[in-house]
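Student: Pasting a structure here, questions to come.
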Amino acid sequence: MSRKKIFWCKNCLNMSTRPRITFDERGWCNACQWMEEKRVMDWNVREKELIKLLNKHRSKNGNFDCIVPVSGGKDGSYVAYQLKHKYGMNPLTVTVRPALSLEIGNKNLENFIRSGYNHIHISCNPIVLDRLNKYGFIEKGFPYYGWLIAIMTAVIKTAANFKIPLIFYGEDGEIEYGGSTETKNKALYDIEYMKRIYLEGGHEKVFERIQTDGDISEADLAFFKFPTDDEISEVGLSFTHWSYFEAWDSYRNYIIAKEYCGLIEKEDGNHDTFTNFAQNDQALYALHAYMMYLKFGFGRATQDAGIEIRRGSMTRDQALNLVKMYDNAYPYDLIDTYLEYYNMTKEEFDAVLDRYANKDLFEKIDGVWQPKFVVGEDFYI
Ligand SMILES: [Zn+2]
């Protein structure tokens, strides 16, 4: 019987279980290889490409000329700030309201808007959103599946309705954090790529599954569906990532957002990681990160540590300690919130976790999944 080797990036702590990730002969992951490339790349060439793209779309009559999805967090705020103040664009910023939004996230969003942006706050029908989230949690192991759909579909719908052809997302997570490299040298994507990579295809089939006696109509689903191909081609819709045009640096984004967009930090640390300036907008994020840990063996601390290592502010050894300390974070402090939101008992909730825990990587001890592996040490399954 052949056994499969589980290993960690020799530079950061990205794990070989990460979907679509690749490693080179040194054992460095594609995010770390990209970090090296970023340092030597001629970004002037890409900035010229950006300016050309912006000039093509720049509005001459005061209309919006691009859309930037924002949450009030550092990254969207930074992109909107650059587009508006450095490049003189007229961005429409858009937020899809998550379920269980957190006070600090709401405050940051308000501060961002007040720093001078046009903004649309989209509230998708919460009955549909909540059902999709619950369905996604149970059937796919994605605790905010409905929101994940809507941050694409509702934003694209808005773009089509306002006839704004260009959508700017922040970083390309596949390139920056590890995953598919197919878009590394590609500025613009179409909606098909989005469906394939981010929704893993076929999300519309789910709508039938969340029906109770046909109580959800087509109209209720409006924000959860992509516009038709005709509507998309009429506007000529495409989307892009800011990280294609400028070396992505989330710490720089944080500094700019703090200085110019009113970003405030969370006072106590997040319980599942050591940083205090990321992903503060919704309570379900901690569960999302924990389920990622159970499925693949790495959590939020691994991701955050990878960012720090790649920007040269943390050694791999320091990261190892933090990851061991923080990655395995059963969401004790939010459990009551989750049970109430999903309308589940603790037993039902834990049964969902059991379903997604990777039994090759974890074993259950005293009711909680514990890793069989030691972070950073090759492991065979
Ligand atoms: Zn790496």
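Throughout, read-outs are computed from the coordinates displayed, never taken from laboratory work. As the structure is a computational prediction, the values presented were derived from the model and not from experiment. A quick note on method: Cβ atoms are made from the backbone with ideal geometry, for glycine too, and the neighbour counts reach across all protein chains shown.
Student: Over the chain, what is the percentage of antiparallel beta bridges among all DSSP beta bridges, to the nearest 5?
Tutor: 45
Student: Another question, if that's okay. Could you line up D327, D213 from fewest to most neighbouring Cβ atoms inside 10 Å?
Tutor: The order, fewest Cβ neighbours first, is D213, D327.
Student: For H121, H241, which order do you get if you count the other beta carbons within 10 Å of each Cβ and list the fewest first?
Tutor: With the fewest neighbours first, H121, H241 line up as H121, H241.
Student: For I113, I104, what's the fewest-to-most ordering of other Cβ within 10 Å of each Cβ?
Tutor: Fewest to most other Cβ atoms nearby, the residues stand as I104, I113.
Student: State to the nearest 20 debye the size of the charge dipole of the stretch 42-245 about its Cα centre, where the only charges are +1 on K and R beta carbons and -1 on D and E beta carbons.
Tutor: 780
Student: In percent, how large is the relative contact order of the chain, given Cα pairs closer than 8 Å and 6 or more residues apart?
Tutor: 23
Student: Based on DSSP, what percent of beta bridges with both residues in the stretch 42-245 are antiparallel, to the nearest 5?
Tutor: If I count the DSSP bridges inside the stretch 42-245, around 10 percent turn out antiparallel.
Student: Turning to a different aspect of this structure: When the gyration tensor of the chain is built from Cα positions, what are the square roots of 5 times its three eigenvalues, in whole Å, from largest to smallest?
Tutor: Each semi-axis is √(5λ); the values are 32, 27, 20 Å.
Student: To continue, here is another question. What does the helix-only formula give at 222 nm for the chain: each DSSP H stretch with n ≥ 4 adding -39500 (n - 2.57), the total divided by the residues, and the result rounded to the nearest 500 deg cm²/dmol?
Tutor: Only helices count here, giving -13000 deg cm²/dmol.
Student: Roughly speaking, what is the stretch gain from A222 to E36, that is 0.36 nm per residue apart minus the C-alpha to C-alpha distance, in nm to one decimal?
Tutor: In short, 62.7 nm is gained.
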